[in-house]
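Let me begin by presenting the structure, written as structure tokens, before commenting on it.
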Amino acid sequence: MTDLATINITEKQLDLLLSGLRYVKSAEKLRVEEPTPEYVRSRSEKLEEIKTLENTLNSSPRNQSAAQI
């Protein structure tokens, strides 16, 4: 992923976004499906993308009034 977007959100909005990502990650982990190689690969890719996004959001510089992402 080489394209980056910059948005201004408040700390509260950032916390809400991270909370939503945790929910999505949990839902993906708890999803019950036949463990075919395709499903396992797809699930692993999704979980890795979520982890990367969480890390990006958590490491973004934060100001008092807004977080730059």
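The values are calculated or read from the model by the stated rules, or taken from the named source; none is laboratory data. Predicted model only: the values in this text are computed from it and were never measured. Neighbour counts are summed over all protein chains in view; Cβ atoms, including those assigned to glycine, are modelled from backbone coordinates with ideal geometry.
General remarks:
- Test for LEU57: is it modelled with pLDDT under 90, assigned to a helix (DSSP H, G or I) and out of contact with any strand residue (DSSP E or B) (no Cβ under 7 Å at 6 or more places or on another chain): yes
- Given (1) more than 21 Å from LEU57 (Cα to Cα); (2) surrounded by 12 or more Cβ atoms within 10 Å (Cβ to Cβ); (3) among the aliphatic types (A, V, I, L, M), number of the condition LEU17 does not satisfy: (1)
- Tally, over the range 28-53, of residues that are out of contact with any Lys or Arg (no Cβ under 8 Å at 6 or more places or on another chain) and closer than 26 Å to ALA5 by Cα: 8
- Residue in the range 26-37 that is surrounded by 12 or more Cβ atoms within 10 Å (Cβ to Cβ) and under 23 Å from ASN8 (Cα atoms) present: no
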